[in-house]
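Before any comments, here is the structure.
The values are calculated or read from the model by the stated rules, or taken from the named source; none is laboratory data. What you are looking at is a predicted structure, and each value in this text was computed from that prediction instead of being measured. Using ideal geometry, Cβ is built from the backbone for each residue, glycine included, and neighbour counts are taken over all protein chains shown. Side chains included, ligands, DNA and RNA excluded: accessible areas come from the protein's heavy atoms. Shrake-Rupley method; radii C 1.70, N 1.55, O 1.52, S 1.80 Å.
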Amino acid sequence: MTSAAREGWLERIEAPDSLTLNLGGRWDMRSAQRHEKELRHLRPSGKQALRVDFSAIDSLDTAGAWLLFRLAKRLRAEGVEVAFDNLQAPHADILERLAKIESHVEIEPPKPNPLVAIVALIGKSVIDIGVEIMESIAFLGLTAVSFARAVLRPKLFRVPAIFYHMEQAGLNAIPIIALIAFLIGLVIAYQGAIQLRQFGAEIFVVDMVAVSVLRELAILLTAIVVAGRSGSAFTAQIGAMKINEEVDAMRTIGLDPMQVLVLPRLIALMIVLPLLGFVADVMGLVGGGVMSMIELGISPSQYIDRLEQSFAPWSLGTGLLKAPVFAAIIALTSCHMGMKVSGSSESLGKFTTRSVVHAIFAVIVVDAMFSIFFAYIGI
Amino acid sequence: MAEQNNIAIRARDITVAFHGIAVLDKLDLDVRRGDVMGFVGPSGAGKSVLLRTIVGLNKRVRGTIEVLGQDLDKLNYRQRREIEERWGVLFQSGALFSSLTVAQNIEVPLFEHTDLPVDVVEEICALKIGLVGLPPEAASKYPMELSGGMRKRAGLARALALDPEIVFLDEPTAGLDPIGAAAFDELVRSLQSSLGLTVFMVTHDLDSLHAVCDRIAVLGDKHVIVTGSMAEMLEQDHPWIRDYFHGPRGRAAR
Ligand SMILES: Nc1ncnc2c1ncn2[C@@H]1O[C@H](COP(=O)(O)OP(=O)(O)OP(=O)(O)O)[C@@H](O)[C@H]1O
Ligand SMILES: [Mg+2]
């Protein structure tokens, strides 16, 4: 039986008017690999015809058959006579099948000329930026419409989903955000201490920590961490559902994906980001206090006193005011990117990356605009 | 010894459980070399689970599996790869790599397991695409651009890429049009006769069962209830088996 068959072998017998190939054993993928080179360059000399004798072949698979078939095809094209002798029925069947098959296919979709491709890429990138901005505005509009609908029919707010995302994006992010804010407070105080000590103005370290942490750093870092943590998760969740046609299924059932997927995430993030920002504020100040004590010998009570004196409510206010806006940017960007995923796992990866990058970029740009605005109105 | 050599897949005492609930319990199974073995059973009986367990994708609680005479638990890395070269699997959902074209999908096992030159690999790939009845234009398409039936065929072409000795097919003809399904049956038959291919085929397609299966195994109550030829199946008086083969569809297929 086939199990006892030997490995494939090949024997050449030269005669004046013909070259005979005696084949035997198992002509399968493995033998094919071994004899591929030999067959590729095989050529009968002069007026010899090629006879391929199949009588000793135990089994023939498609790879083995293909090598023989392509040999015959090549030689026939060169005008050599080729004959297959002693074909057994199943082997003849395979060869017959191969003969009917188109042996060339395009492996990839055709690619344009590289020079054209580069020019096209640049043009496309420019247009894409415009398209992307338009699409984002359209997405914002869609979200606003579904929000309005939900306000008119509060049943449409999916409260359990909102709480679920608040837990995932908010509660579970507290440890990492607290730690990062604490370390940042520590670093600011340390750097400030080194500089301010030169002027004997150590106590102003407290003011510096308070202003930088409360106004800018705490909320910015929180937004960046949330964009990386939850923004990517939102895109991946929605994207996987897109690939799986779950989003399409929702539409056919009459569920609005904006309502089911986007709104709960948006609302949850807009609620938790200010809270996370507040946690970061507190931890940043604690970090600053710890470093002031270690480095400058400012006792905790002194630190708190100074904080109270220098505290401008607007420092805290401006920081926390920005939080819901950042939350909206992150949630909308990541949900939008999730909705744009289509088909392949590669596209899922692409849009997840893009979601995080765009969200962080937009957050920083908007933060700069806020700074200018606050400076302008003088708070 | 001779007896041993004739068995392609030997499973003994297989128990598979999910979350403590057994899906397969003390299942024994022999698939002879060169047989096309059809597996039938109600939905949820564990046919896909059995297939996945044999190829090592599901953990089992107990039991031994021998494939081509080798105990799968006792293989080292290299032996395991050799066995993997000798089988091909078509998953129920096709399981094509979504970021590769059909042709690239088929090339993956060829590049991974052989050192054939690129042009031969591409030709073999074209061949497999033709063999399973896909049009040549489908080669450069991505899976998401194909119809469900075409994806199935592409998955089959990938499973057959290395000309394996055993192919595991999970509902290969589901989603194919009847003409395509018949062509597929014929393909399995001819590969089986020329290569001595062993086929492990989960199918609900009664026409396929009639046309290509040498033996049929019925899965139910967490184990193989009975195995035998089509003729033997028709004589069974287990209620499910009788309904299955003597129901309106069963009669039409005969
Ligand atoms: N990963 C898993 N976790 C938990 N349960 C599972 C898992 N995979 C399968 N099952 C359960 O095992 C049982 C058998 O499933 P299986 O997919 O093998 O059915 P099947 O016989 O192939 O059915 P069908 O004909 O519908 O494909 C089902 O009850 C299923 O719920
Ligand atoms: Mg199944």
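Go over the candidates B:V226, B:V199 one by one and state the one that is modelled with pLDDT of 85 or more and surrounded by fewer than 23 Cβ atoms within 10 Å (Cβ to Cβ).
Just a single option satisfies the conditions, and that option is B:V226.
Out of all the residues in the range B:137-145, is one or more within 12 Å of chain A (Cβ to nearest Cβ), open to solvent by 10 Å² or more (accessible area, probe 1.4 Å) and either among the basic types (K, R) or within 16 Å of ligand 1 (Cβ to nearest atom) (or both)?
Yes, because at least one residue in the range B:137-145 is within 12 Å of chain A (Cβ to nearest Cβ), open to solvent by 10 Å² or more (accessible area, probe 1.4 Å) and either among the basic types (K, R) or within 16 Å of ligand 1 (Cβ to nearest atom) (or both).
Run down A:S347, A:S334, A:S342 and say which single residue is at negative phi and outside any helix (DSSP H, G or I).
Of A:S347, A:S334, A:S342, the one residue that is at negative phi and outside any helix (DSSP H, G or I) is A:S342.
List the helices (runs of 4 or more DSSP H) inside the range A:62-171, counting only whole elements, that have at least 2 residues being under 30 Å from B:E165 (Cα atoms) and out of contact with any strand residue (DSSP E or B) (no Cβ under 9 Å at 6 or more places or on another chain).
The helices (runs of 4 or more DSSP H) meeting that bar are A:62-77, A:89-99.
The rows are residues; the columns are (1) closer than 30 Å to A:S342 by Cα; (2) open to solvent by less than 40 Å² (accessible area, probe 1.4 Å); (3) modelled with pLDDT of 95 or more; (4) hydroxyl-bearing (S, T, Y).
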site: A:T235; (1), (2), (3), (4): yes, yes, yes, yes
site: A:L255; (1), (2), (3), (4): yes, no, no, no
site: A:L269; (1), (2), (3), (4): yes, yes, yes, no
site: A:E308; (1), (2), (3), (4): no, no, no, no
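Taking into account only those residues within the range A:77-100 that are of a type in the set (G, A, S) and open to solvent by 70 Å² or more (accessible area, probe 1.4 Å), which is farthest from A:K47 (Cα to Cα)?
This residue is A:A89.
From (1) at pLDDT 85 or above; (2) within 16 Å of ligand 1 (Cβ to nearest atom), pick out the condition that doesn't hold for B:S93.
Every condition holds for B:S93 apart from (1).
Just to verify a result, which residue in the range B:55-66, among those that are within 16 Å of ligand 2 (Cβ to nearest atom) and surrounded by 14 or more Cβ atoms within 10 Å (Cβ to Cβ), is farthest from B:A174 (Cα to Cα)?
B:N58
Looking at the range B:163-181, which of the residues that are open to solvent by less than 30 Å² (accessible area, probe 1.4 Å) and within 23 Å of B:E112 (Cβ to Cβ) is nearest to ligand 2 (Cβ to nearest atom)?
B:D170
Name the residue that is most open to solvent (accessible area, probe 1.4 Å), counting only residues in the range A:101-113 that are of a type outside the set (D, E), at the interface with chain B (Cβ under 7 Å from one of its Cβ atoms) and without any contact (Cβ under 8 Å) to a residue 24 or more places away in the chain.
A:H104
If you check B:L110, B:L160, B:L127, B:L156, which single one turns out to be within 18 Å of the chain's Cα centre (by Cα), within 11 Å of chain A (Cβ to nearest Cβ), buried (at least 21 other Cβ atoms within 10 Å of the Cβ) and under 26 Å from A:R30 (Cα atoms)?
B:L160
Quick one: B:F184 ticks every box in (1) more than 13 Å from chain A (Cβ to nearest Cβ); (2) under 29 Å from B:I83 (Cα atoms); (3) away from ligand 1 (no atom under 16 Å from the Cβ); (4) open to solvent by 20 Å² or more (accessible area, probe 1.4 Å) except a single one, so which number is it?
Tallying (1) more than 13 Å from chain A (Cβ to nearest Cβ); (2) under 29 Å from B:I83 (Cα atoms); (3) away from ligand 1 (no atom under 16 Å from the Cβ); (4) open to solvent by 20 Å² or more (accessible area, probe 1.4 Å), B:F184 fails exactly one: (4).
Go through the range A:335-379 and report how many residues are touching a Gly at 6+ places or on another chain (Cβ under 7 Å) and aromatic (F, W, Y).
Residues that pass the stated criteria total 1.
Restricting attention to the range A:213-231, and to residues there that are of a type in the set (G, A, S) and open to solvent by less than 30 Å² (accessible area, probe 1.4 Å), which single residue is farthest from A:A331 (Cα to Cα)?
Only one residue fits best here, namely A:A218.
Go through the range B:22-54 and report how many residues are touching a residue at least 60 places away in the same chain (Cβ under 8 Å), within 16 Å of ligand 2 (Cβ to nearest atom) and either buried (at least 21 other Cβ atoms within 10 Å of the Cβ) or of a type in the set (G, A, S) (or both).
So the answer is 14.
Regarding B:I179, is this residue under 23 Å from B:I14 (Cβ atoms) and over 15 Å from the mean Cα position of the chain (by Cα)?
So B:I179 does not fit the description; no.
Within the range A:44-58, which residues are assigned to a loop (DSSP other than H, G, I, E, B) and either surrounded by 18 or more Cβ atoms within 10 Å (Cβ to Cβ) or touching a strand residue (DSSP E or B) at 6+ places or on another chain (Cβ under 9 Å) (or both)?
Of everything in the range A:44-58, those that are assigned to a loop (DSSP other than H, G, I, E, B) and either surrounded by 18 or more Cβ atoms within 10 Å (Cβ to Cβ) or touching a strand residue (DSSP E or B) at 6+ places or on another chain (Cβ under 9 Å) (or both) turn out to be A:P44, A:S45, A:Q48.
Just give me the residues in the range B:92-107 being touching a strand residue (DSSP E or B) at 6+ places or on another chain (Cβ under 9 Å) and open to solvent by less than 60 Å² (accessible area, probe 1.4 Å), in sequence order.
Answer for the range B:92-107, where residues must be touching a strand residue (DSSP E or B) at 6+ places or on another chain (Cβ under 9 Å) and open to solvent by less than 60 Å² (accessible area, probe 1.4 Å): just B:A95.
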